[in-house]
Amino acid sequence: MLLRTAWRRAAAAVRAAPGPRSEAPARGLRLRVVDNAPQSAVPSDTATAPEVESVLRPLYMDVQATTPLDPRVLDAMLPYLVNYYGNPHSRTHAYGWESEAAMERARQQVASLIGADPREIIFTSGATESNNIAIKGVARFYRSRKKHLITTQTEHKCVLDSCRSLEAEGFQVTYLPVKKSGIIDLKELEAAIQPDTSLVSVMTVNNEIGVKQPIAEIGQICSSRRVYFHTDAAQAVGKIPLDVNDMKIDLMSISGHKIYGPKGVGAIYIRRRPRVRVEALQSGGGQERGMRSGTVPTPLVVGLGAACEVAQQEMEYDHKWISKLAERLTKKIMNSLPDVVMNGDPEHHYPGCINLSFAYVEGESLLMALKDVALSSGSACTSASLEPSYVLRAIGTDEDLAHSSIRFGIGRFTTEEEVDYTVEKCIHHVKRLREMSPLWEMVQDGIDLKSIKWTQH
């Protein structure tokens, strides 16, 4: 509420400023027109012009949290929000048939992106639900013979919480550490597999540091040891090439809003041959082959399918564009500022997720200073906590550096101008905040901060 009031005051100040006014908004800020007047459903000749309020909005550089809806996806969805509103599970009339046809086409589009059979795609509400179905569903189905699971310390919170929930049910979970690069040690994975291991869950691309795990090698190890392999690919699907058969993936979680699709929809790939069995988490009408009961929301799955099709067509172009912008951002910041650390492996890395630590600067202070750029200091799911990121702690980052990290997200619609503006503002504010820092002053005087013994008063 306070933030919204601040933006309104800023906008009012811009409008009230004397002198000639430019039509274009200030650089780095997008102008959004908000109509606050009540609207009548019936047009009237006597209606007065609505009061229009101009609100300045920040640039968007947080695509790991969510992506904007691609206009082509919206175009595909609109008919199913307005005209084709039938329940896709209604088998007795045309309204149901046309919605079912659209749902099955979307299933085909999702399957095509990852090299799967459409019958292996189950629609869900998002990657969180998909992860829950994969981990809890497999573990509970095979619990009579297998009571052990393996995951990593840098997984998404919904994976870690699902594993903790299973531990409370009597399962044993091994949380593999990662190397300083953020990548797991394959030998440690092999050593951790036991005769009663039912599932290994390792995410494809990390949502905080962008590290890519060796998914094909992990799939090969799991296949040779007859253990099911699940990967949370929310940050990877549509961005890097994935093939569930070549990589020997048995279960995969997919999210709609990470690939320029709508929020509230996702999918889980569950292999049919050899068949992976899961225990359903939710009871109901038995939709989605009994694995996910509930009416499938046709407009949302149509949007997910369209997003997957667009991603498949444009993946190569998007990757080149994002790589170019990522290199531009990192080079400019690194060349202009000393003591900046890039977190995660620079080689095995998705370029659109850049996590930088600015030594001797508090990350939250920098985020507040960069108020005209929408950024984050880590996962949106844990951003309410002031604790340093558990992902950065897992890769051995010092606590002070972990507190000074900022995640820059570059996506399909990011422009060179937006990157340059973000870099310019970032460099300016880091220099300003360091000048205010007594720690920075001590470092400039040649004092080793680690040799100092701090005392409490």
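Over the stretch 71-311, give the accessible area per residue in Å² for a 1.4 Å probe, as an integer. List each step's numbers first, then the result.
On the way: 9520 Å² over 241 residues.
For the stretch 71-311, the solvent-accessible area averages 39 Å² per residue.
Calculate the FRET efficiency for Arg119 and Met368 from the Cβ-Cβ distance with a Förster distance of 30 Å, rounded to the nearest 0.05. Don't skip to the end; give the middle numbers.
Details: r = 50 Å, r/R0 = 1.65.
Efficiency computed from Cβ-Cβ geometry: 0.05.
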Subject >> Where labels lie 7 Å past Cα in the beta-carbon direction, separation of His319 and Asp75 in nm >> reply: 2.6 nm
Original post:
Taking θ as phi - 60°, what are the ³J(HN,Hα) couplings along the stretch 431-438 by the Karplus curve (6.51, -1.76, 1.60), each to the nearest whole Hz, with x for Gly and Pro?
Top reply: 4, 5, 5, 5, 4, 8, 8, x
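Explain nothing, just the number: dipole magnitude of the stretch 315-439 about its Cα centre with +1 on each Lys and Arg Cβ and -1 on each Asp and Glu Cβ, in debye rounded to the nearest 20.
Numbers: 13 positive and 19 negative charges, 40 e Å.
The calculated dipole for the stretch 315-439 is roughly 200 debye.
Length gain on complete extension for the stretch Ala192 to Ser223, per 0.36 nm per residue less the alpha carbon to alpha carbon distance? Before the final figure, lay out each step's value.
Values: separation 31, 0.36 × 31 = 11.16 nm, distance 1.47 nm.
Going from the current span to full extension adds 9.7 nm.
Between Ser112 and Lys331, 0.36 nm times their residue separation minus their Cα-Cα distance comes to what? Please report the intermediate quantities before stating the final value.
Details: separation 219, 0.36 × 219 = 78.84 nm, distance 3.62 nm.
Stretched fully, the Ser112-Lys331 segment lengthens by 75.2 nm.
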**OP:** Give me the percent of the accessible area of the stretch 327-416 that comes from carbon and sulfur atoms, probe 1.4 Å, all protein chains in place.
**Re:** 51 percent
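When a/c is below 1.5 the answer is rounded, else prolate if a/b is larger than b/c, else oblate, so apply that to the stretch 107-218 with a ≥ b ≥ c taken from the square roots of the Cα gyration tensor eigenvalues.
Working: a/c = 1.60, a/b = 1.13, b/c = 1.42.
Oblate, because a/c is 1.5 or more while a/b does not exceed b/c.
For a Förster distance of 60 Å, can you work out the FRET efficiency between the beta-carbons of Lys431 and Arg289, rounded to the nearest 0.05?
On the way: r = 57 Å, r/R0 = 0.96.
Using R0 = 60 Å, I get an efficiency of 0.55.
With +1 on each Lys and Arg Cβ and -1 on each Asp and Glu Cβ, and nothing else charged, work out how big the dipole of the stretch 71-311 is about its Cα centre, in Debye to the nearest 20.
I would put it at about 480 debye.
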Subject >> Environment charge of Glu362, counting only residues whose C-beta is closer than 13 Å and scoring Lys/Arg +1, Asp/Glu -1 >> reply: -1
Original post:
Quick one: Debye curve from the C-alpha atoms of the stretch 205-294, no solvent, what's log10 I(q)/I(0) at q = 0.13 Å⁻¹?
Top reply: -0.50
Original post:
So how much slack lies between Glu167 and Asp246, counting 0.36 nm per residue of separation and subtracting their Cα-Cα distance, in nm?
Top reply: 25.3 nm
Subject >> Percent of beta bridges antiparallel (DSSP, the stretch 71-311, rounded to nearest 5) >> reply: 45 percent
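Could you work out the mean projected area of the convex hull around the alpha carbons of the stretch 132-287, in square nanometres to one decimal?
On the way: hull surface 38.0 nm².
Reported value for the Cα convex hull: 9.5 nm².
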Subject >> Positive dipole terminus of the stretch 324-382, leading residue within Pro346, Asn335, Tyr360 (C-beta point charges) >> reply: Asn335
**OP:** Using only the C-alpha atoms of the stretch 315-439, find the volume of their convex hull and express it per residue in Å³.
**Re:** 114 Å³
Original post:
Under the Karplus relation 6.51 cos²θ - 1.76 cosθ + 1.60, θ = phi - 60°, what is the ordered set of whole-Hz ³J(HN,Hα) values for the stretch 341-351, x standing for Gly and Pro?
Top reply: 10, 8, 8, x, 5, x, 8, 8, 8, 7, x
Original post:
Expressed as a whole percentage, what fraction of the accessible surface of the stretch 167-211 belongs to carbon and sulfur atoms when a 1.4 Å probe is rolled over the protein heavy atoms?
Top reply: 55 percent
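The values are calculated or read from the model by the stated rules, or taken from the named source; none is laboratory data. The shown structure was predicted, so the numbers you read here are calculated from the model rather than taken from an experiment. Here Cβ is always computed from backbone atoms with ideal geometry, including for glycine, and neighbour counts include all displayed protein chains. Surface accessibility is based on the protein's heavy atoms, side chains included, excluding ligands, DNA and RNA. Shrake-Rupley method; radii C 1.70, N 1.55, O 1.52, S 1.80 Å.
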